[in-house]
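Colleague: Just passing along the structure, written as structure tokens.
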């Protein structure tokens with residue numbers, strides 16, 4: 001990895017060798033060890049971004065549920081039977097939801113307490129360890145705080161104040177497939193308002209609000225690969241706008257959301 | 001740039017020195033020249049991806065409209081007056097639309113003939129050259145064909161069959177800000193269906209459909225920077241699934257779209 005990529009160059013290095021995470025593990029320490037082992041990654045730069053997937057954050061924070069302890073409500077049982085889903089997982093999604101946006105044809109879309117609108121409220125059964133099938137992860141309670149704790153540990157240990165993004169894979173309306181987005185941030189502005197910034201022609205751009213943290217999360221996912229074995233990456237050269245942004249800055253209030 | 005990044009490493013190099021594009025310019029030749037000039041980029045690899053922004057593709061293909069030639073309909077005039085917008089641009093958006101999804105509070109969301117649902121139907125006034133204010137770009141008529149033509153020119157000139165993505169910046173429901181997505185592809189599958197693929201624990205992932213082309217487009221945008229001066233990039237190490245996919249594969253039919 002370049003010490004400092006030239007303008008127009010971005011490098012992404014997924015961190016190898018992070019073990020299976022269990023509740024109570026010191027995730028920040030494991031991430032720092034992986035950074036220190038990674039060839040050419042040190043010294044970290046102040047606008048490197050560390051992207052960490054929700055799954056390992058949730059596991060370390062014990063934001064998991066053992067489905068064998070869950071008694072599903074009749075509505076969850078009926079929905080699950082009809083669409084070949086696990087009624088206990090449906091129950092967990094409903095318990096976590098601030099609002100059910102859509103519940104039909106086997107698809108359950110909810111608004112989480114954080115304000116995210118997503119399939120299954122971010123409750124996830126894949127990549128949750130060998131005891132799979134009985135364990136699901138929830139979203140971290142306060143993903144900004146999760147990111148901040150990792151950022152502070154890195155600053156203390158490595159002496160560089162690196163922004164941190166907690167990412168998750170969300171679907172979108174109108175298009176197939178999931179892309180990774182930011183669900184927690186610390187040390188950067190997730191949204192960069194470029195309104196009033198001159199474009200290449202010196203013309204003032206009118207309506208460009210750039211979701212930088214989401215793009216950085218998507219870029220990191222490309223380096224993670226497709227099996228979940230690499231749950232974190234350093235993104236170098238993306239030059240995010242530093243600041244004390246919160247993921248809530250990314251969420252559009254319902255009264256502004258004109259999509260149908 | 002590494003000749004072949006190790007697993008878990010992705011590198012993005014924006015192409016410098018691409019001049020202002022005018023209708024009829026040989027965009028592929030200009031892109032190839034920029035690749036050849038770019039330090040360390042050659043030889044291209046077969047799973048490099050060239051990402052090119054819609055704006056330069058549209059300009060080269062003359063998919064532009066001179067607003068001074070446009071007579072807006074009364075509905076466009078009324079909407080534009082109320083929300084301080086250009087009535088001629090509103091008229092162009094309405095002419096291009098297959099369906100008006102929402103038209104209120106100054107926001108015009110349409111479905112394009114390609115099936116994309118986006119603000120202003122992809123009609124764009126920023127970064128369109130010094131004669132700004134009077135010129136807007138439309139989306140390319142057939143962005144897959146645009147991508148394919150560039151891919152074929154690269155294969156002929158450089159001897160490597162590199163997938164090509166045409167990208168554009170779209171907003172999303174529920175979240176502020178735009179991210180870059182693919183609007184045209186050639187030589188890769190924009191959607192990778194990982195259902196049935198074992199995850200890191202050997203557990204079969206149930207519902208992971210990865211929008212790889214969109215993530216590659218977002219990653220490239222990080223290298224473009226914020227002013228529009230770098231309209232293309234090579235993404236190396238993302239390992240997209242090769243194939244003869246079409247961007248239509250990315251578009252969710254309305255009957256499957258359960259988001260509200």
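The values are calculated or read from the model by the stated rules, or taken from the named source; none is laboratory data. Quantities reported herein were computed from a predicted structural model and do not represent experimental measurements. As a convention, Cβ positions derive from the backbone with ideal geometry for all residues, glycine included, and neighbour counts pool all protein chains shown.
Colleague: Based on this model, can you work out whether residue A:37 counts as surrounded by fewer than 17 Cβ atoms within 10 Å (Cβ to Cβ) and within 30 Å of residue A:104 (Cα to Cα)?
Modeller: Details: surrounded by fewer than 17 Cβ atoms within 10 Å (Cβ to Cβ): yes; within 30 Å of residue A:104 (Cα to Cα): no.
For residue A:37, the condition - surrounded by fewer than 17 Cβ atoms within 10 Å (Cβ to Cβ) and within 30 Å of residue A:104 (Cα to Cα) - is not met.
Colleague: What are the residue pairs meeting all of these: first residue in the range B:162-179, first residue within 12 Å of residue A:212 (Cα to Cα) and more than 8 Å from chain A (Cβ to nearest Cβ), second residue in a loop (DSSP other than H, G, I, E, B) and at pLDDT below 90, Cβ atoms under 9 Å, and 6 or more apart or on different chains?
Modeller: Here the result reads none, with nothing in the range B:162-179 linked to a residue that is in a loop (DSSP other than H, G, I, E, B) and at pLDDT below 90.
Colleague: Counting just the residues of the range A:31-77 that are within 19 Å of the chain's Cα centre (by Cα) and in a loop (DSSP other than H, G, I, E, B), which one comes out nearest to residue A:125 (Cα to Cα)?
Modeller: A:63
Colleague: Please go through the range B:179-190 and give me each residue that is on the phi < 0 side of the Ramachandran plot and either surrounded by 23 or more Cβ atoms within 10 Å (Cβ to Cβ) or assigned by TED's automatic domain parsing to the domain that holds residue B:122 (or both), ordered by number.
Modeller: First, pick out the residues of the range B:179-190 that are on the phi < 0 side of the Ramachandran plot: B:179-186, B:188-190.
Residues satisfying the conditions are B:179, B:180, B:181, B:182, B:183, B:184, B:185, B:186, B:188, B:190.
Colleague: I'm checking my understanding of the structure. Among residues of the range B:232-260 that are within 13 Å of the chain's Cα centre (by Cα) and within 9 Å of another protein chain (Cβ to nearest Cβ), which one is surrounded by the fewest Cβ atoms within 10 Å (Cβ to Cβ)?
Modeller: This residue is B:250.
Colleague: Given the conditions (1) part of a strand (DSSP E or B); (2) at pLDDT 95 or above, and given that residue A:177 satisfies all but one, which numbered condition is not satisfied?
Modeller: All conditions are met except number (2).
Colleague: From the list B:77, B:101, B:93, B:51, exactly one residue is modelled with pLDDT of 95 or more, closer than 25 Å to residue A:173 by Cβ and not assigned by TED's automatic domain parsing to the domain that holds residue B:178. Which is it?
Modeller: On the way: B:77 fails: closer than 25 Å to residue A:173 by Cβ; B:101 fails: modelled with pLDDT of 95 or more; B:51 fails: not assigned by TED's automatic domain parsing to the domain that holds residue B:178.
Every option except B:93 fails the conditions.
Colleague: Another question about this same structure. What pairs come out if I take residues in the range A:40-63 that are at positive phi and pair them with residues that are at pLDDT 95 or above and surrounded by fewer than 19 Cβ atoms within 10 Å (Cβ to Cβ) whose C-beta lies under 8 Å away, six or more apart or interchain?
Modeller: Final answer for the pair search is A:62/A:23; A:62/A:24.
Colleague: A further question on this structure: Among the residues of the range B:1-30, which ones are under 29 Å from residue A:224 (Cβ atoms), outside any loop (DSSP other than H, G, I, E, B) and away from chain A (no Cβ under 14 Å)?
Modeller: Answer for the range B:1-30, where residues must be under 29 Å from residue A:224 (Cβ atoms), outside any loop (DSSP other than H, G, I, E, B) and away from chain A (no Cβ under 14 Å): there is none.
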